[in-house]
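Colleague: Handing you this structure, nothing more for now.
Each value in this text was obtained by applying a stated rule to the coordinates, not by laboratory testing. The structure presented is a predicted model; accordingly, all values stated were derived computationally and were not measured. Positions of Cβ are backbone-derived with ideal geometry, glycine not excepted, and every protein chain shown enters the neighbour counts.
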Amino acid sequence: MFETTTQVRVRYAETDQMGVVYYGNYATYFEIGRVEALREMGASYRAMEESGVMLPVLDLKVKYIRPAKYDDLLTIKVTVPQMPNTRITFLYEITNEEGTLLTVGETTLVFVDMAKNRPVNIPEQFAGLFRRWFE
């Protein structure tokens, strides 16, 4: 299992008139965490796409527990619970500065050959980066 955290501060543009984060922004927060998690593993979306493989989101689940508000410093905890194959699942927990759990979520992405537009197994160059976390 791989686990990491990253932080983001809520910007005014991400909130509604009540100063609460608009629900649609959580997908962006998940993406921020996911990209940073891959970077920490030594992988990157850019390198994957340059190799001809993309990772579109297949499924997104979100549970809103408490609201995040303007200027909150959020911690996005990202977990990859199992070795990817044709799909990779990311689990998320978003907390505020007090450590209060605000939101949990999950995304499943699929490895797709960009030329054929068909699912493929994780490319070996990226599988090697993930194996060290799952042996």
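Colleague: Between helix 25-41 and the chain, what is the angle of the helix's C-alpha long axis to the longest principal axis, kept within 0 to 90° and rounded to the nearest 10?
Modeller: 50 degrees
Colleague: Treating the beta-carbon of each Lys and Arg as +1 and of each Asp and Glu as -1, no other charges, what is the dipole magnitude of the stretch 16-135 about its Cα centre, to the nearest 20 debye? Kindly include the intermediate steps, with their values, before the conclusion.
Modeller: Values: 13 positive and 16 negative charges, 77 e Å.
Charge dipole of the stretch 16-135: 380 debye, to the nearest 20.
Colleague: Here is a further query. How far apart, in nm, are the 7 Å Cα→Cβ label points at Val120 and Asn85?
Modeller: Here the answer is 1.8 nm between the modelled labels.
Colleague: Let me ask you something else. Give me a comma-separated list of calculated 3J(HN,Hα) values for the stretch 9-16, in order, Karplus coefficients 6.51, -1.76, 1.60 applied at θ = phi - 60°, integers in Hz, x for any Gly or Pro.
Modeller: 9, 5, 8, 4, 5, 8, 10, 8
Colleague: I'd like the chymotrypsin sites (Phe, Trp or Tyr not before Pro) in the stretch 1-35 restricted to DSSP loop residues with at most 14 other Cβ atoms within 10 Å, sorted by number. Don't jump to the answer; show the numbers that get you there.
Modeller: Working: sites: Phe2, Tyr12, Tyr22, Tyr23, Tyr26, Tyr29, Phe30; in loops: Tyr22, Tyr23.
Those satisfying the criteria are Tyr22, Tyr23.
Colleague: Tell me which trypsin sites (Lys or Arg not before Pro) from the stretch 14-91 have a DSSP coil assignment and no more than 16 other beta carbons within 10 Å of their own. Show your work: numbers first, answer last.
Modeller: Details: sites: Arg34, Arg39, Arg46, Lys61, Lys63, Lys69, Lys77, Arg87; in loops: none.
Hits after loop and neighbour filter: nothing returned.
Colleague: Please name which of Met48, Leu73, Tyr26 has its Cα lying farthest along the dipole of the chain towards the positive end, using unit charges on Cβ (Lys, Arg +1; Asp, Glu -1) and the Cα centre as origin.
Modeller: Farthest towards the positive end: Met48.
Colleague: So for the chain, averaging the separation of alpha carbon pairs under 8 Å that are six or more residues apart and normalising by length, what relative contact order in percent results?
Modeller: On the way: 259 pairs, mean separation 39.8, N = 135.
Relative contact order here is 29 percent.
Colleague: I need the per residue convex hull volume for the stretch 1-99, using only the alpha carbons, in cubic angstrom as a whole number.
Modeller: Numbers: hull volume 11.0 nm³, N = 99.
Residue-normalised Cα hull volume stands at 111 Å³.
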